[in-house]
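Here the structure is laid out as structure tokens; the discussion comes afterwards.
Quick note: the coordinates plus some simple rules give every number you see, no bench work behind them. On a predicted model such as this, the values are computed, not experimentally measured, just so you know.
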Amino acid sequence: MKMRILAALLAVLLLLVTFSSCQLPEFVKGLGGGTSEENSQTTTEGATLETTPKQEVELPPVVDGSYFEAHFIDVGQADCMLIICDGQAMLIDAGNPDDDDIIIDYLAEHNISHLSYVVATHPHSDHYGAFTSVLRHVTVDTVYSPFAVTDVSGFNKFINYVTYTMRNRVIVPEIGHQFTLGSARVTVLGPLRTDYEDINNTSIVLRVEYGDLAFLFTGDMEGEAELELVKTGVNLKADVIKVGHHGSYSSSWYQFLRAVQPTYGVITCGRNNEYGHPHETVLSRYRDADVKLYRTDMQGHIVCKSTDGKTLTFTTQMNPDANTNPTAAKSDISYLPTYLYYEGKFN
């Protein structure tokens, strides 16, 4: 009996020595311990993701043969944007989990097998939901996230998938960081901070320039973060804006719109969605600003193109499959009447 106990103790000691001498792979360092299976079932509490050193780049010239396309993919009550410039592609958000087939098919139809950049704007499932499934069908260079740590298990599973399965790094970009996508330049404008009470305000905000044109992608950023961004004095002007938070009245405040001065706006929302997006209050704000609006719930896939960096053309294509995904998870979508308090304050 004593010999059995002694043998068991020796076995445990041997295991401890073995594990203590193991080194985590380089691509896992900073993400906490544990196996990929363990981490896929738990949060990455205590994790530290890589932060990019801020870099500034010159705006590339638009040369003959260049082209730019901004695709607002109709995934119902969710976000998914594909940016293509001179053969390089960036995917911003990936809809709800059930939108995977729509996105996978869309990428295949446009011959996209490689993504230079993937951006998960914030940890709501109508923005990151289909990423894990979609990324199985493409190769990826760089993945951006606003967070190193969240209490959203689904988002952490996405982070762990990128890290452990794809053997890639998830990077938290610094404000002002710039990178090129073909002849386009992308600048990270937000989030200014990550301690907002409403997680929508932690959305990564990108300003994309192509020649003389500019595009602003705002995720679900709401009024509080919009005003803070305006106060920084950063250049927000854009010819095209992806309307924040599916056209909720908690976003697109007058002061922000005056800073952006858009000519066109694209609203990504589901047909007959239960949140009433886009709200009439927001539609009136854009009408007041003389902005021409496009809506995925009414026009399906929306594609904005330019080949000279000066002029834009829009095309639309209805997507019948998006009818099956009119809503996002209730726990993920903010619908806060308290924001009505601010209505008129910044008119």
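What the table below lists for this structure:
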item: Kirkwood estimate for the stretch 68-320, i.e. one over the average of 1/r between Cα atoms, Å; result: 17.8 Å
item: Contact order normalised by residue count of the stretch 68-320, Cα under 8 Å, 6+ apart, percent; result: 17 percent
